[in-house]
Amino acid sequence: MKPQDYSRRQQDLSGWPVTIETYKLGDEYHCTIASVDPGARFARADGATREEAEARAVEKAIRYLAQTRKFPVG
């Protein structure tokens, strides 16, 4: 099986720049969200449609980012 309907975009979530990747594998869509700077994936979700998979992943990402502390630099 090869991934189909692949998309990748950058967006701000809760003040953090993230990359959202979505693709279809078989009958299911998969979505991963990664931080732009270090590139670490921290939220993943699956769904029957692109919108469902992205909504679930974004919901998880917002919840995780709300728990992340920011330290002032300088």
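The values are calculated or read from the model by the stated rules, or taken from the named source; none is laboratory data. Just so we're clear, the structure is a prediction, and the values are computed from it rather than from any experiment. Positions of Cβ are generated from backbone atoms using ideal geometry, with glycine treated the same way; all protein chains shown enter the neighbour counts. To get the accessible areas, we keep the full protein, side chains included, count just its heavy atoms, and leave off ligands, DNA and RNA. Shrake-Rupley method; radii C 1.70, N 1.55, O 1.52, S 1.80 Å.
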Inset, instruction - Taking trypsin sites (Lys or Arg not before Pro) as candidate sites, keep only those in a DSSP loop with at most 13 other Cβ atoms within 10 Å, then name the longest stretch of the chain containing none of them. - result: 1-68
Inset, instruction - On the protein heavy atoms, probe 1.4 angstrom, tell me the percent of accessible surface of the chain carried by carbon and sulfur. - result: 50
Legend entry - Helix 50-66 axis, angle to the chain major axis (alpha carbon atoms, nearest 10°): 20
Legend entry - Solvent-accessible area per residue, Å², over region 14-74 with all protein chains present [probe radius 1.4 Å]: 65
Inset, instruction - Between residue 49 and residue 8, take the C-beta separation as r, use R0 = 25 Å, and let me know the FRET efficiency to the nearest 0.05. - result: 0.90
Inset, instruction - Stick to the Cα atoms of the chain, pair each with every other, and give me the Kirkwood hydrodynamic radius in Å at one decimal. - result: 12.8
Legend entry - Normalised contact order of the chain, rounded percent, pairs of Cα under 8 Å and 6 or more residues apart: 23
Legend entry - Exposure of residue 73 as accessible area (Å², to 10), given a probe of 1.4 Å and all protein chains: 150
Inset, instruction - Excluding residue 45 itself, calculate the net charge of residues whose Cβ lies under 10 Å from the Cβ of residue 45, where each Lys or Arg counts +1 and each Asp or Glu counts -1. - result: -1
